[in-house]
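Colleague: Please find one structure pasted underneath; my questions will follow.
The values are calculated or read from the model by the stated rules, or taken from the named source; none is laboratory data. All figures in this text were calculated on a predicted structure; none of them were measured in a lab. All Cβ positions, even for glycine, are placed from backbone atoms using ideal geometry, and neighbour counts span all protein chains on display.
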Amino acid sequence: MRTITLGNSGLPVPVIAVGCMRINRLDKPAAAAFVKNAVDLGAIFFDHADVYGDGLCEAIFAEAIAMNSSIRQKILLQSKCGIRPGIAFDFSKKHILEAVEGSLKRLKTDYLDVLLLHRPDALVEPEEVAEAFSALHSAGKVRNFGVSNQNPTQIRLLKKYVPQPLVANQLQLSITNANMITQGFHVNMADDGAVNRDGSILDFCRLHDITIQPWSPFQYGFFEGVFLGSDKFPKLNAKIHEIAVQYHVSDTTIAMAWLLRHPAKMQPVTGTMNVEHLRDCVKAADINLTREEWYAIYLAAGNILP
Ligand SMILES: NC(=O)c1ccc[n+]([C@@H]2O[C@H](COP(=O)([O-])OP(=O)(O)OC[C@H]3O[C@@H](n4cnc5c(N)ncnc54)[C@H](OP(=O)(O)O)[C@@H]3O)[C@@H](O)[C@H]2O)c1
């Protein structure tokens, strides 16, 4: 699969990442078949979090891929920490270190290629994050660091103390959840689109070489459903299908190609556990939508230009 460089890490990564949040829906044979097919497709970058399935997703993945040192060399593993069910969020040094130990154990590996802080912690002490990251980096347990769901000021606060580059920011983004794009059209206007909800995170990440990893690339709302095939989005589905027919690909491929067409060089994180859907997502890596097609899809979703 086509690769991009993750942030300024120098690490080449497949342009599509495989999210494993839903892998606990599969039985053992299906999980093994899914990860094998993903690797065969070149989809070797797997996104995890300690909280997915309460840890089960990481363990199921390790078993499904029959983790050993030779397989480990062929794949890239990202996990996240900082959410503590029953409490809320925890970016303390103690928690970060313990969470990573847990992920390494469940994933049956000695190191993570990337560790992300999952959701902002209001009680963050960036000095502690820095200590945790440096300890994990110098022990060889984590090679690269990033964040998720963070705005520019939160990232700046971390960067004041954290010596390692922050290479990724995982953020919700789909054609139907495109606020970070929409606000760029409505600068200084009195309409709803002008509300800057994220501090211009899209441009900030581009300016600072932070790769945006769009999560839930096919969902509308907050996990409310998939917009493809939904009768809530008739115009969008018609436009996507019209373009898909022209390219001789599926609607899934075109929806993914829309994210990849953005020049920010994003790395969308899929959530499908269906090999055909994943294959269609991977095909998007070879499609470069025209400017006209990109805008037509954006507008068909009901997004309004000034
Ligand atoms: N950082 C964060 O805060 C955060 C939050 C949420 C998720 N994530 C990460 O992002 C990943 C993706 O999230 P997500 O699962 O919500 O994303 P998604 O790819 O938008 O949604 C996946 C779901 O859509 C379904 N789907 C239906 N039709 C589909 C089609 N044509 N193509 C693809 N999928 C289709 C899939 O079912 P099938 O399996 O049947 O295809 C699956 O249940 C997660 O696995 C996780 O790694 C991160």
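Colleague: Which of the following residues is touching a residue at least 24 places away in the same chain (Cβ under 8 Å) and not β-branched (Val, Ile, Thr): Ala139, Ala38?
Modeller: On inspection, the qualifying residue turns out to be Ala38.
Colleague: Looking at the stretch 184-201, can you tell me whether even one residue there is in contact with a Leu (Cβ under 9 Å, 6 or more places away or on another chain) and within 30 Å of Ala66 (Cβ to Cβ)?
Modeller: no
Colleague: Only one of these conditions is not met by Leu289: (1) away from the ligand (no atom under 16 Å from the Cβ); (2) crowded, with 18+ Cβ neighbours inside 10 Å; (3) assigned to a helix (DSSP H, G or I). Which number is it?
Modeller: (3)
Colleague: Only one of these is of a type in the set (A, V, I, L, M, F, W, C) and either touching a strand residue (DSSP E or B) at 6+ places or on another chain (Cβ under 9 Å) or under 19 Å from Lys80 (Cβ atoms) (or both): Leu236, Leu228, Leu157. Name it.
Modeller: Matching residue, one of Leu236, Leu228, Leu157: Leu157.
Colleague: Of all residues being in contact with a Lys or Arg (Cβ under 8 Å, 6 or more places away or on another chain) and closer than 16 Å to Ala99 by Cβ in the stretch 136-160, which is surrounded by the most Cβ atoms within 10 Å (Cβ to Cβ)? Just the residue, please.
Modeller: Per the criteria, the residue is Ser148.
Colleague: Are there any strands (runs of 3 or more DSSP E) wholly within the stretch 27-137 with 2 or more residues that are within 13 Å of the ligand (Cβ to nearest atom), among the polar types (S, T, N, Q) and at pLDDT 95 or above, and if so which?
Modeller: Filter on the stretch 27-137 gives 76-81.
Colleague: When you go through Ile254, Ile212 one by one, which is the residue that is assigned to a helix (DSSP H, G or I) and either more than 16 Å from the ligand (Cβ to nearest atom) or touching a helix residue (DSSP H, G or I) at 6+ places or on another chain (Cβ under 9 Å) (or both)?
Modeller: Matching residue, one of Ile254, Ile212: Ile254.
Colleague: I've got another one for you. For the stretch 38-70, give me each residue that is surrounded by fewer than 24 Cβ atoms within 10 Å (Cβ to Cβ), closer than 19 Å to Thr3 by Cβ, of a type outside the set (Gly, Ala, Ser) and under 20 Å from the mean Cα position of the chain (by Cα).
Modeller: Val39, Leu41, Ile44
Colleague: Does the stretch 161-183 include one or more residues that are under 23 Å from Gln267 (Cβ atoms), in a strand (DSSP E or B), of a type in the set (A, V, I, L, M, F, W, C) and without any contact (Cβ under 8 Å) to a residue 60 or more places away in the chain?
Modeller: There is at least one residue in the stretch 161-183 that is under 23 Å from Gln267 (Cβ atoms), in a strand (DSSP E or B), of a type in the set (A, V, I, L, M, F, W, C) and without any contact (Cβ under 8 Å) to a residue 60 or more places away in the chain.
Colleague: Looking at the stretch 8-25, which of its residues are in contact (Cβ under 8 Å) with a residue 40 or more places away in the chain and more than 16 Å from the ligand (Cβ to nearest atom)?
Modeller: Those that are in contact (Cβ under 8 Å) with a residue 40 or more places away in the chain and more than 16 Å from the ligand (Cβ to nearest atom): Asn8, Ser9, Leu11.
Colleague: List pairs: first in the stretch 202-231 and in contact (Cβ under 8 Å) with a residue 60 or more places away in the chain, second near the ligand (Cβ under 9 Å from one of its atoms) and of a type in the set (D, E, K, R), Cβ under 8 Å, 6+ apart or cross-chain?
Modeller: Every condition considered, the pairs that remain are Gln213/Asp47.
Colleague: Sort out which residues of the stretch 257-275 are more than 13 Å from the ligand (Cβ to nearest atom) and not hydrophobic (A, V, I, L, M, F, W, C), and write them in order of number.
Modeller: Residues satisfying the conditions are Arg261, His262, Pro263, Lys265.
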